[in-house]
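Written out below as structure tokens is the structure these notes cover.
The values are calculated or read from the model by the stated rules, or taken from the named source; none is laboratory data. Just so it is clear, the model here is predicted, and its values are computed rather than measured. Quick reminder, even Gly has a Cβ in these numbers, built from the backbone with ideal geometry, and neighbours come from all protein chains shown. Remember, those area values only see protein heavy atoms, side chains included, never the ligands or the DNA or RNA. Shrake-Rupley method; radii C 1.70, N 1.55, O 1.52, S 1.80 Å.
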Amino acid sequence: MIDMIKIIRMSYRIIRAVTDANTLGFLLMMPILYLVIMGVMMGSFIGSFKYYGHETNYIMFLAPGIIASQVLTGGSMAGWSLWMDKRTGMIEQIFSMPYRKSDYLIGIIIAMTIISIISSMIMLIFSIPFIKIIMTVSDFLFIILNLFLGTLFFGMLNLTIGIIVKSNQFMNLISNVLYMVLTFASSIFYPISQNSPAVLKYISDTNPLTYVSNCIRDAFFNNINGNDYISIFLLVILSLIMTLITILTYRKIKFVNLYV
């Protein structure tokens, strides 16, 4: 039976552990710099263009992508939180207390979802002076759904990595490469077109971050369409598959102090 008090305590502990000054700087300052510097600098020579019949500019195109990128950041924090607990032996101490594996896993899922959605909303508020928002309440709820599903998928992916790896260097390598590939091989910074290189286009078209980015962008433009509902369906399927993989991997987690 689920003990919500223990899960809430675990979520609170994880949120406190990952919201230090350095983490908050990475979580908020980097996206803000992307939005301001890239939006203004690239927007200065891109100019205005049409997006689904709407006259827009680059910063308006970029803002939803930056908001979508928070699901990847939140998911990465979940993986790093578990990895650090495993590496320092803290996870073994937690399970020596009256906490079950399910308490820890559900707690970390709740924590990463809260962090991801709150940081996304902060980015949304920050972007208001730069963009014209025309979304409705249903568009806003659609954005929240995408943020949840995206965070769940990338959180589970990073948790699985955190469970499997046994080296701090390897954890750093995988996390950095994965973050760069998923971020830049998506539609966050630019639209994916038929002129894109075939390999990169394939990666982008199958990248869940592209689904989240496109859905949020369409919600910004009040233009949710059939492709977005297909993206939601795919995100649900992928999130469920990744959750199952994480649970199966998590059952075999080794409680070993790994100072490497």
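In the set 204, 167, which member is small (Gly, Ala, Ser) and either within 25 Å of residue 114 (Cβ to Cβ) or open to solvent by 30 Å² or more (accessible area, probe 1.4 Å) (or both)? Break it down into steps so the answer makes sense when it comes.
Working: 204 fails: either within 25 Å of residue 114 (Cβ to Cβ) or open to solvent by 30 Å² or more (accessible area, probe 1.4 Å) (or both).
Going through 204, 167 in turn, just one is small (Gly, Ala, Ser) and either within 25 Å of residue 114 (Cβ to Cβ) or open to solvent by 30 Å² or more (accessible area, probe 1.4 Å) (or both): 167.
Pull up the range 130-162, narrow it to residues that are assigned to a helix (DSSP H, G or I), among the β-branched types (Val, Ile, Thr) and surrounded by fewer than 16 Cβ atoms within 10 Å (Cβ to Cβ), then point me to the one that is modelled with the highest pLDDT. First the steps, then the outcome.
Our first condition is that a residue be assigned to a helix (DSSP H, G or I); within the range 130-162, this holds for 130, 137-162.
Pick out the ones that are also among the β-branched types (Val, Ile, Thr) and you get 137, 143-144, 151, 160-161.
Narrowing the set further to residues that are surrounded by fewer than 16 Cβ atoms within 10 Å (Cβ to Cβ) leaves 137, 144.
Numbers: 137: 86, 144: 91.
Step by step, filter the range 130-162, then rank; the result is 144.
Based on this model, can you work out whether residue 101 counts as open to solvent by 10 Å² or more (accessible area, probe 1.4 Å), closer than 22 Å to residue 239 by Cα and over 19 Å from the mean Cα position of the chain (by Cα)? Break it down into steps so the answer makes sense when it comes.
Values: open to solvent by 10 Å² or more (accessible area, probe 1.4 Å): yes; closer than 22 Å to residue 239 by Cα: yes; over 19 Å from the mean Cα position of the chain (by Cα): yes.
Considered against the rule, which asks whether it is open to solvent by 10 Å² or more (accessible area, probe 1.4 Å), closer than 22 Å to residue 239 by Cα and over 19 Å from the mean Cα position of the chain (by Cα), residue 101 comes out as yes.
Among the residues of the range 64-86, how many are in contact with a Phe, Trp or Tyr (Cβ under 7 Å, 6 or more places away or on another chain) and either open to solvent by 10 Å² or more (accessible area, probe 1.4 Å) or among the aromatic types (Phe, Trp, Tyr) (or both)? Break it down into steps so the answer makes sense when it comes.
Taking the range 64-86 and keeping what is in contact with a Phe, Trp or Tyr (Cβ under 7 Å, 6 or more places away or on another chain), we get 64-66, 71-72, 75-76.
Then keep just the ones that are either open to solvent by 10 Å² or more (accessible area, probe 1.4 Å) or among the aromatic types (Phe, Trp, Tyr) (or both); that gives 76.
Of the residues in the range 64-86, 1 are in contact with a Phe, Trp or Tyr (Cβ under 7 Å, 6 or more places away or on another chain) and either open to solvent by 10 Å² or more (accessible area, probe 1.4 Å) or among the aromatic types (Phe, Trp, Tyr) (or both).
What single numbered condition from (1) out of contact with any helix residue (DSSP H, G or I) (no Cβ under 7 Å at 6 or more places or on another chain); (2) open to solvent by 30 Å² or more (accessible area, probe 1.4 Å) fails to hold for residue 221?
(2)
Could you list, ordered by first residue, the pairs with Cβ atoms under 7 Å in which the first is in the range 88-108 and in a loop (DSSP other than H, G, I, E, B) and the second is open to solvent by less than 70 Å² (accessible area, probe 1.4 Å), at least 6 apart or interchain?
Within 7 Å, the pairs are 99/6; 99/10.
Does residue 170 qualify as being at negative phi and either modelled with pLDDT of 90 or more or assigned to a loop (DSSP other than H, G, I, E, B) (or both)?
On the way: at negative phi: yes; either modelled with pLDDT of 90 or more or assigned to a loop (DSSP other than H, G, I, E, B) (or both): no.
Answer is no for this residue.
Return the total of residues in the range 170-186 being open to solvent by less than 10 Å² (accessible area, probe 1.4 Å) and either closer than 13 Å to residue 80 by Cβ or free of Cβ contacts under 8 Å to residues at least 12 places away in the same chain (or both).
Adding up the residues that qualify gives 1.
Among 26, 126, 49, which is surrounded by fewer than 21 Cβ atoms within 10 Å (Cβ to Cβ) and at pLDDT 75 or above?
On the way: 26 fails: at pLDDT 75 or above; 49 fails: at pLDDT 75 or above.
Of 26, 126, 49, the one residue that is surrounded by fewer than 21 Cβ atoms within 10 Å (Cβ to Cβ) and at pLDDT 75 or above is 126.
If we keep just the residues of the range 187-196 that are open to solvent by less than 80 Å² (accessible area, probe 1.4 Å) and touching a residue at least 40 places away in the same chain (Cβ under 8 Å), which is nearest to residue 66 (Cα to Cα)?
First, the residues of the range 187-196 that are open to solvent by less than 80 Å² (accessible area, probe 1.4 Å): 187-189, 192-193, 196.
Retained after the next criterion (residues that are touching a residue at least 40 places away in the same chain (Cβ under 8 Å)): 187-189.
Values: 187: 10, 188: 6, 189: 8 Å.
Among them, the one singled out is 188.
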